[in-house]
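Nothing in this text is a laboratory measurement; each read-out follows from the coordinates by a stated rule. The model shown is predicted, which means the values in this text are computed figures rather than measured ones. Quick reminder, even Gly has a Cβ in these numbers, built from the backbone with ideal geometry, and neighbours come from all protein chains shown.
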Amino acid sequence: MSKQWFVLCAHQGQEKLARRELEHQQFEVYLPMCLFGRGRKPVIKPFLLSYVFVGLDLDDRSTRWRAVFSTRGVRSVICSGDRPQPVHDYIIEEIKAREVDGLVQLPPRVQCKFKQGEAVRIKGNPIDAIFDEVVDHKRAAIFLSLLGRPNRIIVPMTKIAAAPAAAVA
C-alpha cells in the first residue's frame, strides 16, 4: 500500500495548530486555505472549517501514524472501524486544482433575480413553475406541476423567465 490521504477533524479554530504540530512530527499535511469576505477586510481561513488532510502509509511500519490521534489541535480522525478511512485522491486533486497563489478560488456568487416561491416560467414553455433555489452558478431548481404532482427539476438559469403578471379584470 502507498501513501493515501486521510481526514482529521480539528478542534474549532485550531486547524493551523493541528497542521503545525503534524508537520513538526514529519507528516505530510494539506490544509487548503481560502479568502472569505469581500470589501474592506477579507480574511484567509481554512477552506473546509475544522478539517485537515494528512498523507499516511498505514502499512509502513516506520510511520507512527497512530500519533495523529493524540496530536494537539486534532479532535478526531475519520475512521472505518479501527483504521482511518482514506479519501479518494481525486478529491484532493480537485481542491488543489482550484488553488491560485495558495488559495482555493470559489466560483463567483450568483446574482439571481428570483426568490424562493416566486412564479416563473421556462422560456418557450407555457407551463408555470415555482422557483426553488440556485443550485450552482449556472443552474437552478424549480417545481413544475406535471400530472397534478409537483416535480423538482434542475434547469439552466438562462432558461428561466418571470411568469407574466395575471390579467387584471
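For the reader, a short list of remarks on this structure follows.
- Here is the P(r) of segment 107-169: all C-alpha pair distances, binned every 5 Å from 0, give 4, 18, 30, 24, 13, 7, 3, 1, 0, 0 in whole percents.
- The calculated FRET efficiency for ILE44 paired with LYS159, based on their beta-carbon distance and R0 = 30 Å, is about 0.20.
- Computing Rg and the Kirkwood Rh from the Cα coordinates of the chain gives a ratio, Rg/Rh, of 1.18.
- Efficiency of FRET from Cβ geometry, ALA141 and HIS11, R₀ 41 Å, rounded to 0.05: 0.70
- Comparing mean-square fluctuations of GLU133, GLU23, GLU99 from a GNM of the chain with C-alpha springs under 10 Å, the top value falls on GLU133.
- Fraction of antiparallel bridges per DSSP, the chain only, in percent to nearest 5: 95 percent
- The length gained on full extension between ALA97 and LYS113, counted as 0.36 nm times the residue separation minus their Cα-Cα distance, comes to 2.7 nm.
- Rg over Rh, two decimals, segment 80-133 (C-alpha only, Kirkwood Rh): 1.28
- Projected over every direction and averaged, the convex hull enclosing the alpha-carbon atoms of segment 4-104 yields 7.0 nm².
- Full-extension gain in nm, ASP57 to LYS3, via 0.36 nm per residue minus C-alpha separation: 19.0 nm
- Charge sum, other residues only, whose C-beta stays under 14 Å from GLU15's C-beta, Lys/Arg counted +1 and Asp/Glu -1: +4
- Theoretical ellipticity at 222 nm over the chain - DSSP helices of four or more residues, -39500 (n - 2.57) apiece, nearest 500: -3000 deg cm²/dmol
- Taking Cα atoms only, the orientation of helix 15-24 departs from the longest principal axis of the chain by about 30 degrees.
- Spin-label pair GLU133-HIS88: with each label point 7 Å from Cα along the Cα-Cβ axis, the two points sit 2.3 nm from one another.
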